[in-house]
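To keep things clear, I will list the structure first and then write my remarks on it.
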Amino acid sequence: SQTIHQWPATLVQPVGSPLSLECTVEGTSNPNLYWYRQAAGRGLQLLFYSVGIGQISSEVPQNLSASRPQDRQFILSSKKLLLSDSGFYLCAWSDGRGGDTQYFGPGTRLTVL
Amino acid sequence: DAKTTQPPSMDCAEGRAANLPCNHSTISGNEYVYWYRQIHSQGPQYIIHGLKNNETNEMASLIITEDRKSSTLILPHATLRDTAVYYCIVRVFYTGNQFYFGTGTSLTVIP
């Protein structure tokens, strides 16, 4: 069966510091991968999605970036965090062979101080 | 994607069926109805989805009206672990199309 991992689970970072969140998927190949952010009391916002290694689509312009160095690895980064970057970051995957149901990871709670 | 309307909260007795309604009167012909739930501080969990026909899996049943303007998620025997926020989402089925999670229904299962 497929599983999706995210780490760290929680993170507290000062403003202006860099960020690296990692997401990995097991049990499938060529998945579509997604990064979402869920702000407190609000819905999910799609940040990036990827249909293959090195292929990243950005949905919202911001100081975040994403990379996919391996088939089942998706990384969310920032060079300098802003207070507004605080939130719950979720990675999701869907079947790259045509399935579009997205399955979410456990999330990373980021607090920028 | 079509907008959905759900009651903000519901209670259900443990062991009874939980019926969660969703209105999506502006749904178009190529939009699917998805249900997810989110337990506090966890990632959303996929439950079920359908287009026109009723669907059932090991977690729940999805009943879609004939005109597709509303649907009901049924948890046949609610347990305390089913306490969560339930989201009804209507969306076109294609890669890269995000899921818009609204406010959902906060279901509390009562012992």
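On average, how many beta carbons from a partner chain sit within 10 Å of the beta carbon of a residue in B:97-104?
Mean inter-chain Cβ contacts per residue within 10 Å come to 5.
Among all the lysines, which ones have a C-alpha under 22 Å from B:LYS3's C-alpha, if same-chain residues fewer than 8 places away are not counted?
Partners found: B:LYS52, B:LYS69.
Take every DSSP beta bridge whose two residues both sit in chain B, then give the antiparallel share in percent to the nearest 5.
Of all bridge pairs located within chain B, approximately 85 percent are antiparallel.
Can you tell me the length gained on complete extension of the stretch B:LEU80 to B:LYS3, counting 0.36 nm per residue apart and subtracting the Cα distance?
Contour length minus the Cα-Cα distance gives 24.8 nm.
Between B:GLN42 and A:TRP7, what FRET efficiency follows from the Cβ-Cβ distance if R0 is 25 Å, with the result rounded to 0.05?
After rounding, the FRET efficiency stands at 0.95.
Averaged over peptide B:22-32, how many Cβ atoms belonging to another chain are found within 10 Å of each residue's Cβ?
0
Give the peptides B:30-37, A:35-42 in descending order of average Cβ contacts within 10 Å, highest first.
Per-residue Cβ counts within 10 Å, averaged per peptide and sorted highest first, yield B:30-37, A:35-42.
Between A:SER17 and A:SER58, what length in nm is gained on full extension when 0.36 nm per residue of separation is reduced by their alpha carbon distance?
Separation in residues times 0.36 nm, less the Cα-Cα distance, equals 12.6 nm.
Using unit Cβ charges (K, R positive; D, E negative) and no other charged atoms, how large, in debye to the nearest 20, is the dipole of the protein assembly as shown about its Cα centre?
Computed charge dipole of the protein assembly as shown: roughly 460 debye.
Please compute, for peptide A:37-47, the average count of beta-carbon atoms on other protein chains lying within 10 Å of each residue's beta-carbon.
Average neighbour count from other chains, rounded to a whole number: 3.
Sorted by packing (mean other beta-carbon atoms within 10 Å per residue), highest first, where do B:54-67, B:78-91, A:47-60, A:65-78 land?
Top of the packing list down: B:78-91, A:65-78, A:47-60, B:54-67.
For region A:45-113, calculate the relative contact order in percent as a whole number, restricting contacts to Cα pairs under 8 Å that are 6 or more residues apart.
Relative contact order comes out at 22 percent.
Just name one of A:LEU47, A:LEU19, A:PRO8: the one whose Cα is farthest towards the positive end of the charge dipole of chain A (beta-carbon charges, Lys/Arg +1, Asp/Glu -1).
About the Cα centre, the residue reaching furthest to the positive side is A:LEU19.
Bear in mind these aren't lab numbers, they're just calculated from the coordinates by the rules spelled out. Note that the structure is a prediction, hence the values are computed from the model and not measured. Virtual Cβ from ideal backbone geometry, glycine too; neighbours counted across all protein chains shown.
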